[in-house]
Amino acid sequence: MRRRLAAFWPFSIEAGVIRAYSSALGRHGATPQGVFWNSAKSQNARFAALLAMIRAHRSQADAADHPPTIADIGCGYGALYGYMRRRAEYADWGYSGLDINPAMIRSCRQRFPDGATGFEIGARPVRPVDYALYSGTFNLCMIDDAARWQRYILDQLADCRPYCRRGMVLNLLCRRQMTITNNIFYADREAILYELRCRLGDIHVTATPGLKHDTTVFIPV
Ligand SMILES: C[S@@+](CC[C@H](N)C(=O)[O-])C[C@H]1O[C@@H](n2cnc3c(N)ncnc32)[C@H](O)[C@@H]1O
């Protein structure tokens, strides 16, 4: 409940983000443009890269003993859920979607009435899961203080970690210097990876195939 009130608080760091996504969803509906992606192609490329990291982790000894559960944090209108449902290899994976934006969650519940109970307003899993997955969740930034936004990202990941049994995976946009350009946050790649290691320990990093500036990071738990 505290979390819900914080998300609605008009001066919170998230308030501008919620307004911006509500406006995009209102203009473009449940489409990639409705969550500020350029195309379904780039949206799907991120899904493929993030899920590949989870599958790689599961292929290691003792991680593949049961179908995993994932929490899609910043699920938007539920595109990842749709992506997974169209692919047999994810048929037995457990899925829950979370988003701080109530309009996004309403859209998910309307689009997927059968999975409606799996979508919740929030920023971390309601109950423990094997993996948390963040696709584009921290890209849009509606403040002008990049260092503060980076601290926010690190805090969000640290808060989520206790709910994850196996790991967390996210994408980050990176440039040589940390910057916010057109409300998109770009991290200084080496600096944020250093901070992630300091806060969360060992990480695995890969350039996201086919996506400029995009890095995929896996954080084992
Ligand atoms: C770029 S969109 C991506 C949506 C979806 N992951 C996809 O790839 O189609 C980012 C989403 O993350 C949500 N979001 C932003 N910050 C969040 C946070 N701290 N916790 C949960 N959701 C967040 C936004 O409301 C938005 O729906």
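Quick note: the coordinates plus some simple rules give every number you see, no bench work behind them. Computed from a predicted model, the values in this text were never measured in an experiment. Neighbour counts are summed over all protein chains in view; Cβ atoms, including those assigned to glycine, are modelled from backbone coordinates with ideal geometry.
Miscellaneous remarks
- Residue range of the chain that is longest and free of trypsin sites (Lys or Arg not before Pro) which are both DSSP loop and sparsely packed (at most 16 other C-beta within 10 Å): 88-175
- Placing pseudo-labels 7 Å out from each Cα toward the beta carbon at residue 41 and residue 126 gives an inter-label distance of 3.7 nm.
- The residue list 90, 103, 117 was ranked by how far each Cα lies along the charge dipole of the stretch 90-129 toward its positive end, using unit charges on Cβ atoms, and 103 comes out on top.
- Cβ-based charge dipole, the stretch 67-188, positive-most Cα from 133, 182, 156: 133
- The chain - charge dipole about Cα centre, Lys and Arg +1 at Cβ, Asp and Glu -1, debye rounded to 20: 360
- Positive dipole terminus of the chain, leading residue within 170, 146, 39 (C-beta point charges): 39
- This model, with +1 at the C-beta of Lys and Arg and -1 at the C-beta of Asp and Glu, gives the stretch 138-221 a dipole about its Cα centre of some 200 debye.
- Here 28, 66 are placed in order of increasing Cβ neighbour count within 10 Å, fewest first, which gives 66, 28.
- Value of relative contact order over the chain, rounded to a whole percent, pairs C-alpha under 8 Å and six or more apart: 18
- Derived scalar couplings ³J(HN,Hα) [the stretch 195-204; Karplus, 6.51 cos²θ - 1.76 cosθ + 1.60; whole Hz; x for Gly, Pro]: 4, 4, 5, 4, 7, 10, x, 4, 9, 10
- Each 10 Å bin from zero holds the following percent of Cα-Cα pairs in the stretch 129-221: 17, 54, 27, 2.
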